[in-house]
Amino acid sequence: MTKMLTDARAIRIKGRSFLAVVLAPDLPFDDWLVRLDDLAARSAGFFLGRPVVLDVTDLPIDRAQLKELIAELAGRSVNIMGIEGGRPSILGPGMPPALKGGRPVSDEAVAKEPIIELHNSEPKPSVPEMRPTLQSIVIRDPVRSGQSVIFPEGDVTIIGSVASGAEIIAGGSIHIYGTLRGRAMAGSLGNASARIFCRKLEAELLAIDGIYKMADDMAPGLRGHSVQLWLEGDSIMAEKLI
Amino acid sequence: MGKVIVVTSGKGGVGKTTSTAALGAALAQRNERVVVVDFDVGLRNLDLVMGAERRVVYDLINVIQGEAKLSQALIRDKRLETLFLLPASQTRDKDNLTPEGVERVITELKRVFDWVICDSPAGIESGATLAMRHADMAVVVTNPEVSSVRDSDRIIGLLDSKTMKAERGERMEKHLLLTRYDANRAERGDMLKVEDVLEILSIPLIGIIPESMDVLRASNIGAPVTLADARSAPAMAYFDAARRLAGEVLPITIPGEKRGIFGKIFARRAA
Ligand SMILES: Nc1ncnc2c1ncn2[C@@H]1O[C@H](COP(=O)(O)OP(=O)(O)OP(=O)(O)O)[C@@H](O)[C@H]1O
Ligand SMILES: [Mg+2]
């Protein structure tokens, strides 16, 4: 079990929005499923009741392989609400609908249109999007077990502790002036420069830009300390603040 | 207008019913008019702990459904004339506990009593959220162990979001009552420390009730521990907690330790 923890390739999950978690599998699927099981075992209930989008961009797989993967996931109670980045040739009836997460679903050989467009039935004019200025929110109370603070627009600052069983999901960085006992997911919309800061680290789960670390993966020397965490490549780095 | 208190915890079996009865009887002994209300429909216990199980005719559901008047359902304690019980139904479905019905009953009780103490069922389902809905203040009952503390934290979140007070944008007054505190286990380090529980939950403490056979003895004779044996350690801790609920400021002592908790903290700072 612990061998999986040192596997260089992390399970990549992206908190695309508070509505869905995006899973990006890689080949071979058997190995990936083992790592997924390991993650699920250590984060009990993480996928339960959460809609999941499967991102299969650039995977050289055929329809049968995709079907099998969906069945494997269904067997783990991971319900796929949509498939992203799948060429129309590998999608088909009886499968979750294709989603367009920013990029167009394209397939040279077949039609240029996705099978189903969930977001909008009107074709969107391709006007370059204006990036809104980054925002921030400040929460002055402790975040209690069972509560989620979801702020895709920018940074989250908590003046107080984040309880075991609570979660903070931020598009930007997360600052916790208290003890982090629950989950913190920074850069959830795909921001590798987001960081997590906390006055006392006791976290159940940490994530930056979709790269996850569970409590067991964290260096024991960091527990109980003031810590900052950031991303270098596919690794979460950590350093004591004081 | 009386004050409405919800006694709640999330986790089951931590001492809500015991505490409701003990605090109710303690406040009634100060000559204040008290009603304890059992919200645990289908699993009622408060009547047993109060020793009134043979006197239940009508219950909360009967009143809500209009089958009985409130005055018919209220049971006066045989020992304390200012103490009353509104029992839960053991047989009716808990769906009969409607939000409108609960609001009507609580409003009426507040007019007559100084204290309306609601014994919440465990869990975070409708029974628990209805019991807290109209509260002015909450007593969060917690045992010094991890799962109880986490459930209490969850309940505090609900108190701050699902109650009338929260919806009006007001702040719910919350008090921590640490129960079943075992001094021997604390010494061995088998229990969470008081300071740790306080740090995690960050709400003010109104009392630490020791684990004690006196509680079982009291419930066996059908009396709140503050009536059964007023000199016992748990009774004295409940009396102090009741005084703090009523607004008095008293130092808190950890059972089994001589100095007060604040004395202890100061002593360490000075060292
Ligand atoms: N301080 C104490 N010392 C010893 N036993 C206690 C103490 N407090 C409660 N108990 C015992 O623990 C058990 C559960 O108590 P109680 O019924 O008050 O809990 P509860 O939170 O109301 O439970 P439920 O969630 O089922 O309603 C009872 O048997 C009670 O006698
Ligand atoms: Mg009870």
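Between A:A64 and B:A246, the simple label model (points 7 Å from Cα in the Cβ direction) yields a spacing of 8.1 nm.
The H on the amide N of A:I169, modeled in the peptide plane, is under 5 Å from the matching H of A:V149, A:I150, A:F151, A:M185, each at least 5 residues off or on a different chain. For the options B:T163, B:T179, B:T107, a Gaussian network treatment of chain B with springs between C-alpha atoms closer than 10 Å singles out B:T107 as fluctuating the most. Taking a 30 Å limit on the Cα-Cα distance, which of the listed pairs B:K78/B:K110; A:K213/B:K16; A:K240/B:K165 fall beyond it? From the list (B:K78/B:K110; A:K213/B:K16; A:K240/B:K165), the Cα-Cα distance tops 30 Å for A:K213/B:K16; A:K240/B:K165.
Separation of the range B:166-241 from the range A:151-200 is 34 Å, based on Cα centroids. Over chain B, Cα pairs under 8 Å with separation of 6+ residues give a relative contact order of 24 percent.
Gain in length, B:R104 to B:N31, computed as 0.36 nm per residue apart minus the alpha-carbon separation, to one decimal in nm?
Length gained between B:R104 and B:N31: 23.7 nm.
Near A:D141, the amide H atoms lying under 5 Å from its own belong to A:I159; only residues 5 or more places off or on other chains count, and H is placed 1.01 Å from N. Taking 20 Å as the straight-line reach from the Cα of B:K193, the aspartates and glutamates in range (excluding those fewer than 8 positions away in the same chain) are A:E202, B:E145, B:D151, B:D153, B:D182, B:E211, B:E257. You can think of it this way: the chain between A:V138 and A:S89 has 13.0 nm of extra reach, that is 0.36 nm per residue less the Cα-Cα gap.
Taking amide H atoms as placed 1.01 Å from N in the peptide plane, the amide H of B:V4 lies under 5 Å from those of B:V116, B:D136, B:M137, each 5 or more residues away in sequence or on another chain.
Among B:A131, B:A235, B:A52, the residue with the largest mean-square fluctuation in a Gaussian network model of chain B, with springs joining Cα atoms closer than 10 Å, is B:A52.
Relative contact order of the range B:6-113, taken over Cα pairs closer than 8 Å and 6 or more residues apart, is 30 percent.
Using the Cα gyration tensor of chain B, with a ≥ b ≥ c the square roots of its eigenvalues, what is the shape: rounded (a/c below 1.5), prolate (a/b larger than b/c) or oblate (neither)? It is prolate, given that a/c is not under 1.5 and a/b is the larger ratio. Overall, the anisotropy analysis places the range B:96-204 in the prolate class: the square-rooted eigenvalues a ≥ b ≥ c of its C-alpha gyration tensor yield a/c not less than 1.5, with a/b exceeding b/c. Our compactness index for the range A:136-240, the C-alpha radius of gyration over the empirical 2.2 N^0.38 Å, is 0.92. Phi-derived couplings, Karplus 6.51 cos²θ - 1.76 cosθ + 1.60 at θ = phi - 60°, listed residue by residue for the range B:144-153: x, 9, 4, 5, 5, 5, 5, 5, 5, 4 Hz, with x used for Gly and Pro. Peptide B:151-161 has a mean of 5 when you count, residue by residue, the C-beta atoms of other protein chains within 10 Å of its C-beta.
When chain B is treated as a GNM, springs tying every alpha-carbon pair under 10 Å, which of B:K16, B:K162, B:K174 comes out with the largest mean-square fluctuation? Comparing B:K16, B:K162, B:K174 in a Gaussian network model of chain B, the most mobile one is B:K162. With a 10 Å cut-off around each Cβ of A:160-171, the average count of Cβ atoms from other chains is 3. In chain B, the DSSP-assigned H stretches of four residues or longer account for a calculated mean residue ellipticity at 222 nm of -11500 deg cm²/dmol, using -39500 (n - 2.57) per stretch and the full residue count as denominator.
Read-outs: derived from the displayed coordinates by stated rules, not from any lab. The model shown is predicted, which means the values in this text are computed figures rather than measured ones. Heads up, the Cβs are rebuilt from the backbone with ideal geometry, glycines too, and the neighbour counts pull from every protein chain shown.
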